[in-house]
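Contents: one structure, followed by commentary.
The values are calculated or read from the model by the stated rules, or taken from the named source; none is laboratory data. None of these values were measured; they are calculated from a predicted model. No Cβ is skipped: glycine too gets one built from the backbone with ideal geometry, and neighbour counts run over all protein chains shown. Heavy atoms of the whole protein, side chains included, go into the accessibility calculation; ligands, DNA and RNA do not. Shrake-Rupley method; radii C 1.70, N 1.55, O 1.52, S 1.80 Å.
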Amino acid sequence: MATTLALLAFALSAGAALLPARPVPTIPPTAAPGRRVRWLPPLRWWIPALLSAGMLALAGLAAAIAGAPVTGPPLVVAMVLVVAVAVTGGTVVVPAVFHLARRRPEPGDGDADDERPVLRGGLVIGTLERIAVVVAVLAGWPEGIAVVLAVKGLARYPELRDPRASEYFIIGTFTSVLWALAAGGIGAGLAA
């Protein structure tokens, strides 16, 4: 029963990120994901992130009370759902954290929160990063996380001279990796 609840919560966590929502206020409209489902009005920007995080927490609770490890086809379903949660949930959680952490302009500071994209390709890089981290956790190879972070840091090094870029890099990387670690840890807990 607890395993079924965990799998259902994983599916709902992955699906919550696909709900139509208004773009997060800190992301320029050109950089915001263009998911639109016509039969639902757009939700407030924070609702998919909150639903995805809540369902991931519920999956973690259900996995903690599950007695026996998951095996066979349910294990395959669980691992696919874990990777889906890591990828889709991160696409709504990271922008929400960016919004919560953004600099507020001081009086007389006209360009404190410039809306131009800081680090190009962040959505694709973040998605690949979360896939690599969650697969490393599920494979029992935590050193893989260090490899992913080192490659990302080296690739972005020239762009990190801009203070805004380094701030976005740190916030985005921490949020993305922590989200993937949470999903992967819960998935590994189901399998153990």
Between LEU149 and LEU123, what FRET efficiency comes out of the Förster formula 1/(1 + (r/R0)^6) with R0 = 22 Å and r the beta carbon distance, rounded to 0.05?
0.75
Peptides 168-178, 153-163 ordered by average Cβ neighbours within 10 Å, highest first:
168-178, 153-163
So the FRET efficiency between LEU50 and ALA2, C-beta based with R0 = 30 Å and rounded to 0.05, is 0.80
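How large is the convex hull of the C-alpha atoms of region 143-192 per residue, in Å³? Don't skip to the answer; put the middle values down first.
On the way: hull volume 2.8 nm³, N = 50.
It is 55 Å³ per residue.
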With a 1.4 Å probe and every protein chain left in place, tell me how much accessible area ILE186 has, in Å² to the nearest 10.
30 Å²
